[in-house]
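Undergrad: Can you keep this structure in mind? I'll have questions shortly.
Each value in this text was obtained by applying a stated rule to the coordinates, not by laboratory testing. Being a predicted model, the structure only gives us computed values, none of them experimental. In this analysis, Cβ positions are derived from the backbone assuming ideal geometry, glycine residues included, and neighbour counts consider all displayed protein chains.
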Amino acid sequence: MLLVDARGVPLSIIVTAANHHDVTQLAATLDAIVAPRPPLAPRACQHLCADAGFVGATADRTMRDHDYTPHVRPRGEERAQRAHGKRARRWVVEVAHSWFTRFRKLLVRFEKMHRSYLALNMLAAAIIAFRHVPAKINIIYG
């Protein structure tokens, strides 16, 4: 499971078996965030956008326990908006998944050990995050 910021930069990665639903790993993913959250203004809130797989009281409570304001888009809402002539909105996390598939070693999982696969994902996440560093700081991709 992957958690990204507004630009698509990975914040946390959890590797689980394919038969585990994402909502069961929500708390572990939110606990695994590497970058510290910036301090908020007194009345500001931190938003967390999720897809329809996170509908439910348990996921809502988990997000609120981690001090996020949940925004969960229910199933069929995008289809209804397209029927009224609005464009489909591409989720930021889908862009991040696209960046991860550019690392050919991760496209198909051949690693048998969990820690090897997690290490490769972390390396890919570090490279993706490094590519989003501003050009004044980044001397390689500047």
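Undergrad: Using Cα atoms only, what is the angle between the long axis of helix 92-101 and the major principal axis of the chain, expressed in degrees (0 to 90) to the nearest 10?
TA: Compared with the principal axis, the helix lies near 30 degrees.
Undergrad: Would you kindly state how much longer the chain becomes between Ala44 and Val72 on full extension, computed as 0.36 nm times their sequence separation minus their alpha carbon distance, in nm to one decimal?
TA: Contour length minus the Cα-Cα distance gives 8.2 nm.
Undergrad: Enter the Cα centre distance for the pair the range 91-116 and the range 1-28, rounded to the nearest angstrom.
TA: 12 Å
Undergrad: As a footprinting exposure proxy, order Met1, Met113 by other Cβ within 10 Å, with the fewest listed first.
TA: Result, fewest neighbours first: Met113, Met1.
Undergrad: May I ask you to list the residues of the range 5-44 whose amide nitrogen lies under 19 Å from a point 7 Å from Cα along the Cα→beta-carbon direction of Phe130?
TA: Those under the cut-off are 8-13, 34-35.
Undergrad: Give me the three principal axis extents of the chain from the C-alpha atoms, as integers in angstrom, largest value leading.
TA: Sorted largest first, the three principal extents are 41, 40, 36 Å.
Undergrad: Now a separate question. Mind checking the dipole of the range 2-131: about its Cα centre, +1 per Lys or Arg Cβ, -1 per Asp or Glu Cβ, Debye to the nearest 20?
TA: Here the size comes out at about 560 debye.
Undergrad: Can you give me the distance in nm between label points at Trp91 and Ala119, each placed 7 Å from the Cα along the Cα-to-Cβ direction?
TA: 3.1 nm
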